[in-house]
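Reviewing the structure listed below.
Laboratory data are not the source of any read-out in this text; all were calculated from the coordinates shown. All of these numbers come straight from a predicted model, not from anything done at the bench. So basically every Cβ, Gly included, is an ideal-geometry build from the backbone, and we count neighbours across all protein chains shown.
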Amino acid sequence: MQFKPETYRFHDVPMQPFIDTDEIWGYLNHASSTTKKVQEIVTKSLGKQRLTLEETATLINAADEESVQLIKEGAKELKKRIYGNRIVLFAPLYVGNKCSNNCTYCGFRSTNKEQVRKTLTHDELVKEVEALEENGQKRLILVFGEHAQYNPGFIAETVRTIYSVKKGNGEIRRVNINAAPLEINGFRTVKDAGIGTYQIFQETYHREAYQTYHLSGKKADFDYRLTALDRAQEAGIDDVGIGALFGLYDWRFEVMGLVRHTNHLEACYNVGPHTISFPRVKDASRMQLGSSYFVSDEDFARLVAILRLAVPYTGMILTAREPADLRNELIQYGVSQIDGGTKIEMGSYVSKEQNHNLHKGQFRINDDRSLNEIIDELLAQEMLPSFCTACYRLERTGEHFMEFSVPGFIKRFCTPNAILTLAEYLEDYAPGATAEKGWQVIENNMTELSGNVQRELHNRLIKIKEGERDLYI
């Protein structure tokens, strides 16, 4: 039977599953890719328009060298137009690694008897946050195993504790969450604690593959996880993050799944995801996983560029799972957020463990650089490190964020606020050589701003040098 896209389309309904495997494979199997067509699609994306599934499939199927180069160069230019040269920095903080699920790719899996289980006490949590603040961190993502102990009340109390910790000029201004899916009332509880983005990864969007990896526990329910961020939206959390774990199934299908998830959120809630993440499978304690779907560095770079073009307005997160040289490359193709100074072993920011013990972490990371080393390298590349949290705190989230970010106007706010947060870091935490580089980068970026913004920014920078903090536009 000839494939007709409309055959597979159905009206999106809030709280209802939306992934149709045949629909996705239909597009992938029938989308033709010519250099001319690729160029037309890239041009559309550069106009800051989100791509359709068919257009995304066309880019995925474009494997010739000329087309791949068009895609990469288009992604570079699009990122420059929307985000400028800024890179948002954050750190993960693992709060507890108990887990009731049995996922074959994860070191936290319930059947892994070698994993050292731990939940941070209140005092340990405070010390971890103080250590992070002493390094200059302002943005965290809290990571919890999926366990009954880590209920909405526990998560909310953890968030409130973190916001209350102040060390010198240090403070955490945005706390994002990576935790189990909740019911609507549970999402309301964590929203009331003042969280930023709630992040849930589907892992793989292919239903049958999903069942082979998730052997038991609540996470084995594909549809419950798939509709989790619908429940978050229903609870009033309008900043949500989606992601797939590349290496569990065909990367082409997963890219399409992420775009389809974006479509669903836009159709039902008039707002797409605030962030998209694309971690690759890495070594983990007692991991049981074949290598058939592992993604090469070459394909990884392609999929990052395609996602940037497919969803122009969404922040894209690349974590320390990847080595430094690859992270530096992929930043060019659309990544807008990275973690720095990352420790994933429980209590490791205080103890300074080096992420090498697989029985104390969820997986192996491949970028052990300190936060300052990353900032120093970004500055050397003329990138603008940012700890900005202004949009969240001025309620430029959800639909309001889309109003700014979809047309690309967010750059009006992002560059000045990135400069202000970088200036704080340079004054409070940076070694002399880094500070010198940083102030030069600030000066270079200010010349590209309008006169009014320059004057406003100049006044705020004087106040920062005089000791004021937390200034933003």
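Taken one residue at a time, the phi angles of the range 28-36 give Karplus couplings (6.51, -1.76, 1.60, θ = phi - 60°) of 5, 7, 10, 6, 8, 10, 10, 4, 5 Hz. Gly and Pro are set to x.
Under 5 Å from the amide H of Leu93 lie the amide H atoms of Ile141, Leu142, Val143, each residue being 5 or more positions distant or on a separate chain, with H modelled from the backbone and absent for Pro and chain starts.
Here the peptides 437-448, 122-133, 72-83 are ranked by packing, the mean other Cβ count within 10 Å, and the order with the highest first is 72-83, 122-133, 437-448. Summarising the amide proton neighbourhood of Arg86: residues at separation of 5 or more, or on other chains, whose placed amide H is nearer than 5 Å comprise Leu384.
Altogether, the Stokes-Einstein calculation at 20 °C and 1.002 mPa s, with the Kirkwood radius of the chain over Cα pairs as Rh, returns a diffusion coefficient of 95 µm²/s.
Backbone geometry of the range 121-138 corresponds, through the Karplus equation with coefficients 6.51, -1.76 and 1.60 at θ = phi - 60°, to 3J(HN,Hα) couplings of 6, 4, 5, 5, 4, 4, 5, 4, 5, 4, 5, 5, 5, 5, 8, x, 5, 10 Hz, x marking Gly and Pro. What does the charge add up to near Arg369, with Lys and Arg as +1, Asp and Glu as -1, over the other residues with Cβ less than 10 Å from its Cβ? Around Arg369, the charge tally is -4. According to the square roots a ≥ b ≥ c of the eigenvalues of the Cα gyration tensor, what is the shape class of the range 16-80, taking rounded for a/c under 1.5, prolate for a/b larger than b/c otherwise, and oblate for the remainder? It comes out oblate by the Cα gyration axes.
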